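**Q** The structure that follows is given in the form of structure tokens.
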Amino acid sequence: MSDPAPNPESSRQDPSRRRFLKGGVAVGAALVAGAGRPLAGWAQPVPDDPSKVLGGPLRPYGERSPFEQQVRVIQAKPAERGGSFTPLDETLGIITPSALHFAVQRGGRPDIDPAQHRLLISGMVNRPVILTVEEIKRLPSLSRILFLECAGNSRLGRPPTVKSVHGTHGLTACSEWTGVPLSLLLREAGIQQGATWIVAEGADATGNERSLPIAKAMDDVLVAYGQNGEALRPENGYPLRLIVPGWEGNVNVKWLRRLTVEDRPYMTRMESTAHASLMPDGKARQFNFVMEAKSVITFPSGGQQLPGPGFYEIRGLAWSGRGLVRRVEVSTDGGKTWQDAGLQEPVLPLAHTRFRLEWPWGGREVVLQSRCTDETGYVQPTLAELVKVRGRNFVYANNAIQSWKVAADGSVHNVQA
Ligand SMILES: Nc1nc2c(c(=O)[nH]1)N[C@H]1C(S)=C(S)[C@@H](COP(=O)(O)O)O[C@H]1N2
Ligand SMILES: [Mo]
């Protein structure tokens with residue numbers, strides 16, 4: 001049997017709880033006034049509590065509730081080569097759980113024994129060195145919350161069958177990474193005069209070697225071994241990877257085994273053919289490292305179903321490879337007018353930033369958009385604005401404003417061109 005919902009006015013509970021409930025009622029009343037209909041849950045009876053029986057045993061390693069089912073969507077054929085996508089529509093706050101962090105691998109996921117693994121630093125250095133994982137973990141460490149985004153995220157030319165934010169924007173995630181500053185390792189090795197680039201290589205079968213300018217390597221790059229408080233997940237580079245803050249995912253070389261100091265970039269496959277964009281004048285844009293400011297509404301988003309008119313909280317994520325997100329604006333009329341969304345504190349540089357906006361939906365068809373401005377003043381462009389600059393041949397680093405249409409029946413659709 002279920003009890004009716006207690007009346008907060010008459011319940012004999014401690015005053016703070018009573019105040020909270022009264023506050024809740026006030027919000028509820030405002031919602032009724034604002035949107036013509038309260039949340040459905042306000043009028044529901046409270047069900048019986050089934051938990052007052054002896055529960056399960058303690059577990060040495062945590063699992064989520066069996067009722068939580070969100071997973072990464074895998075778009076890869078064969079499954080060893082391609083990407084798995086973060087379910088952005090179902091993650092909360094700014095940290096992506098490691099088990100749901102997207103992964104891109106082109107040569108399969110190696111399962112590496114850290115006791116056997118080594119990192120070689122050689123090339124234009126005075127003291128070439130081979131380090132064990134244990135030796136790297138003993139060095140002064142650093143943790144930072146940083147987003148990672150594949151340059152192929154929201155890639156143009158994806159089939160129009162991609163309906164959800166999971167598919168359109170799921171090649172980004174945000175973790176707390178722990179590791180050693182690369183500058184410390186390079187200083188130990190002693191960079192020689194004239195060295196201008198480093199080349200990073202992983203232990204997988206990809207051929208994902210990438211060249212990075214020394215200036216970035218000496219600035220804020222990490223050789224990471226930790227992710228969200230524990231070791232990196234195998235998919236994300238266990239036991240060692242590069243974390244290159246704000247730069248395209250591809251240079252964040254996983255399963256890191258070799259760093260070579262050079263006086264030129266290697267022009268590897270990943271930087272000559274892949275990750276270059278053909279411009280309207282016939283030239284290619286290469287070494288286009290920084291991921292520019294971008295945002296997306298994760299709720300309501302493509303494929304979701306709103307139960308009916310009423311109060312909603314529009315939620316989304318914003319980020320910029322140039323530093324802090326300063327502002328996120330939301331439009332509920334296809335870009336005619338914009339409202340400032342609230343940004344969740346603390347806002348961290350080069351990290352996902354959660355934005356939220358209260359939205360009373362009256363039940364008419366609307367187009368929802370978000371637009372991010374970063375600390376440099378750069379404003380996230382429309383797709384038309386991007387095409388004007390880059391032409392129609394570009395596919396990578398698409399940071400255009402995303403449009404979701406909420407139809408009158410509450411269904412939500414991807415209406416991006
Ligand atoms: N060794 C190696 N490093 C790699 C890759 C790879 O296939 N092999 N994929 C790259 C690409 S394309 C991206 S977008 C990022 C993704 O990092 P994640 O898989 O941890 O999300 O890793 C990069 N580092
Ligand atoms: Mo990528």
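The values are calculated or read from the model by the stated rules, or taken from the named source; none is laboratory data. The structure displayed is predicted, hence computed values, not measured ones. Quick reminder, even Gly has a Cβ in these numbers, built from the backbone with ideal geometry, and neighbours come from all protein chains shown.
**Q** Among the residues in the range 182-193, are any in a loop (DSSP other than H, G, I, E, B), polar (S, T, N, Q) and either outside the structural domain of G342 (by TED's automatic domain parsing) or under 14 Å from the mean Cα position of the chain (by Cα) (or both)?
**A** Residues of the range 182-193 that are in a loop (DSSP other than H, G, I, E, B), as a first pass: 190, 192-193.
Now narrow it down to the ones that are polar (S, T, N, Q): 192-193.
Next, only the ones that are either outside the structural domain of G342 (by TED's automatic domain parsing) or under 14 Å from the mean Cα position of the chain (by Cα) (or both) stay: 192-193.
Yes, the range 182-193 contains at least one residue that is in a loop (DSSP other than H, G, I, E, B), polar (S, T, N, Q) and either outside the structural domain of G342 (by TED's automatic domain parsing) or under 14 Å from the mean Cα position of the chain (by Cα) (or both).
**Q** Now, a different point. Considering the range 286-303 alone, what residues qualify as being touching a Ser or Thr at 6+ places or on another chain (Cβ under 8 Å) and either modelled with pLDDT of 95 or more or under 18 Å from T172 (Cβ atoms) (or both)?
**A** Correct list: N288, M291, E292, A293, K294, S295, V296, I297, T298, S301, G302, G303.
**Q** Filter the range 75-116 down to the residues that are touching a residue at least 24 places away in the same chain (Cβ under 8 Å), among the small types (G, A, S) and more than 16 Å from ligand 2 (Cβ to nearest atom) and list them by number.
**A** Passing the criteria: G93, S98, A99.
**Q** Suppose the filter is in contact (Cβ under 8 Å) with a residue 24 or more places away in the chain and surrounded by 22 or more Cβ atoms within 10 Å (Cβ to Cβ); does V244 pass it?
**A** yes
**Q** Hey, any hits in the range 269-285 for a residue that's in a loop (DSSP other than H, G, I, E, B), in contact (Cβ under 8 Å) with a residue 60 or more places away in the chain and touching a Ser or Thr at 6+ places or on another chain (Cβ under 9 Å)?
**A** Taking every residue of the range 269-285 in turn, none turns out to be in a loop (DSSP other than H, G, I, E, B), in contact (Cβ under 8 Å) with a residue 60 or more places away in the chain and touching a Ser or Thr at 6+ places or on another chain (Cβ under 9 Å).
**Q** Could you give me the residue pairs with C-beta distances under 9 Å whose first residue belongs to the range 370-381 and is over 19 Å from R354 (Cβ atoms), whose second residue is buried (at least 20 other Cβ atoms within 10 Å of the Cβ) and polar (S, T, N, Q) wherever it lies, and which are 6+ apart or on separate chains?
**A** Close Cβ pairs (under 9 Å, with a partner that is buried (at least 20 other Cβ atoms within 10 Å of the Cβ) and polar (S, T, N, Q)) amount to T376/S320; Y378/S320; P381/N399.
**Q** Determine which member of the set S51, S98 is more than 16 Å from ligand 1 (Cβ to nearest atom) and of a type in the set (S, T, Y).
**A** S51
**Q** Quick one: which of V296, V253 is of a type in the set (A, V, I, L, M) and either within 14 Å of ligand 1 (Cβ to nearest atom) or assigned to a loop (DSSP other than H, G, I, E, B) (or both)?
**A** V253
**Q** Do we have any residue at all in the range 108-131 that's under 18 Å from G249 (Cα atoms) and either acidic (D, E) or over 20 Å from the mean Cα position of the chain (by Cα) (or both)?
**A** Residues of the range 108-131 that are under 18 Å from G249 (Cα atoms), as a first pass: 108-109.
Imposing the further condition that a residue be either acidic (D, E) or over 20 Å from the mean Cα position of the chain (by Cα) (or both) reduces the set to 108-109.
Within the range 108-131, one or more residues are under 18 Å from G249 (Cα atoms) and either acidic (D, E) or over 20 Å from the mean Cα position of the chain (by Cα) (or both).
**Q** Right, next: Any idea which residue in the range 203-218 is modelled with the highest pLDDT, counting only those that are part of a loop (DSSP other than H, G, I, E, B) and aliphatic (A, V, I, L, M)?
**A** So, considering only residues that are part of a loop (DSSP other than H, G, I, E, B) and aliphatic (A, V, I, L, M), the one modelled with the highest pLDDT is A203.
**Q** With the condition kept exactly as written, say whether any residue in the range 160-178 is more than 16 Å from ligand 1 (Cβ to nearest atom), assigned by TED's automatic domain parsing to the domain that holds T91 and of a type in the set (A, V, I, L, M, F, W, C). It would help to see each step written out before you state the result.
**A** Here is the first cut: in the range 160-178, the residues more than 16 Å from ligand 1 (Cβ to nearest atom) are 160-165.
Then drop every residue that is not assigned by TED's automatic domain parsing to the domain that holds T91, which leaves 160-165.
Those left that are additionally of a type in the set (A, V, I, L, M, F, W, C): 162, 165.
Yes - at least one qualifying residue is present in the range 160-178.
**Q** Residues that are in contact with a Gly (Cβ under 6 Å, 6 or more places away or on another chain): list the strands (runs of 3 or more DSSP E) wholly contained in the range 88-171 that include at least 1 such residues. Step through it out loud before you land on a result.
**A** On the way: elements: 103-105, 118-123, 129-132, 142-149.
Per the criteria, 103-105, 142-149.
**Q** Something else: Limited to the range 219-248, what total is found for residues that are within 13 Å of ligand 1 (Cβ to nearest atom), of a type in the set (D, E, K, R) and under 17 Å from L186 (Cβ atoms)?
**A** Count: 1.
**Q** For the range 161-175, name all the residues that are in contact (Cβ under 8 Å) with a residue 24 or more places away in the chain and surrounded by fewer than 23 Cβ atoms within 10 Å (Cβ to Cβ).
**A** V162, K163, S164, G167
**Q** Look at R144 and say whether it is within 16 Å of ligand 2 (Cβ to nearest atom), touching a residue at least 40 places away in the same chain (Cβ under 8 Å) and surrounded by fewer than 20 Cβ atoms within 10 Å (Cβ to Cβ). Quick ask: steps written out before the conclusion?
**A** Working: within 16 Å of ligand 2 (Cβ to nearest atom): no; touching a residue at least 40 places away in the same chain (Cβ under 8 Å): yes; surrounded by fewer than 20 Cβ atoms within 10 Å (Cβ to Cβ): yes.
No.
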